[in-house]
Amino acid sequence: MNSYTEENYLKAIYSLAQKSENKGASTNAIATALATKASSVTDMVKKLAEKKLVNYKKYQGVTLTEKGKSVAVNIIRKHRLWEVFLVDKLNFKWDEVHDIAEQLEHIKSPELTQRLDQFLDFPKFDPHGDPIPDAEGNILNHAEMNLLSELKQGEKGVVVGVKDSSSGFLQHLENQNLMLGTKLIVAQIFEYDQSMNIEFADGNHITISQQVSHNVCVKKEID
């Protein structure tokens, strides 16, 4: 495995499979995720299948083999560790680190990854709230995580992650003070467009759109 492109394909297939009910990814979905042509995806997927990294049958989607999944999870592990390093040690903002980590994730040295993990004191989550696979590829799940849009009026929560990690969305959340660890109460849900009035612990209020509430992950807090 020596191609950045191949690694990006495996990571994209893994991500898409996590979101799909049948745990597979269509060539069109892969093409959209990687901003490329479906024909190019088909060619690459055939190459990955020859290397025993994916299972592929025409019209049935693409799934990762155990070998392919191991590669993908390792790339994700490196990506998220580098994001922690960039934010915690080099003072980058959470909306600035994705593209840099995309470059750093392809560094091959297992020793570097191990030392980076140790240097950061073995973090469990990246700056966007996504779980970091451990050295064996195990990934923690937010067992009690909900979308903010799933909370009812009067319910409390704490922000633990985001579905959309684009820089524009993260900047918007920062402007709204909706950062990881923020405690909130759903003060009101507006029937017309399902926007929400949110109250913070300090008593301040903001109104957020349904699109925002669909992309913020919270853990419910029970009184």
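The values are calculated or read from the model by the stated rules, or taken from the named source; none is laboratory data. What you see is a predicted model, and the numbers here were worked out from it, not measured in a lab. Note that we place each Cβ from the backbone using ideal geometry, even for glycine, and neighbour counts take in every protein chain shown. Only protein heavy atoms, including side chains, enter the accessible area calculation; ligands, DNA and RNA are left aside. Shrake-Rupley method; radii C 1.70, N 1.55, O 1.52, S 1.80 Å.
Grab the helices (runs of 4 or more DSSP H) fully contained in the stretch 1-120, keeping just those with 1 or more residues being surrounded by 13 or more Cβ atoms within 10 Å (Cβ to Cβ) and in contact with a Pro (Cβ under 9 Å, 6 or more places away or on another chain). Once the helices (runs of 4 or more DSSP H) in the stretch 1-120 are filtered for at least 1 residues that are surrounded by 13 or more Cβ atoms within 10 Å (Cβ to Cβ) and in contact with a Pro (Cβ under 9 Å, 6 or more places away or on another chain), what remains is 66-88, 110-119.
Taking Leu148, is it in contact (Cβ under 8 Å) with a residue 40 or more places away in the chain and surrounded by 12 or more Cβ atoms within 10 Å (Cβ to Cβ)? Here the answer is yes, as Leu148 does meet what is asked. Residues that are modelled with pLDDT of 95 or more and not in a strand (DSSP E or B) were ranked within the stretch 180-190; the one that is most open to solvent (accessible area, probe 1.4 Å) is Phe190. The conditions are (1) assigned to a strand (DSSP E or B); (2) at pLDDT 95 or above, and Ser149 fails exactly one of them. Which is it? Failed condition: (1). Could you count how many residues in the stretch 132-145 are farther than 20 Å from Glu221 by Cα and either open to solvent by 70 Å² or more (accessible area, probe 1.4 Å) or not acidic (Asp, Glu) (or both)? So the answer is 7.
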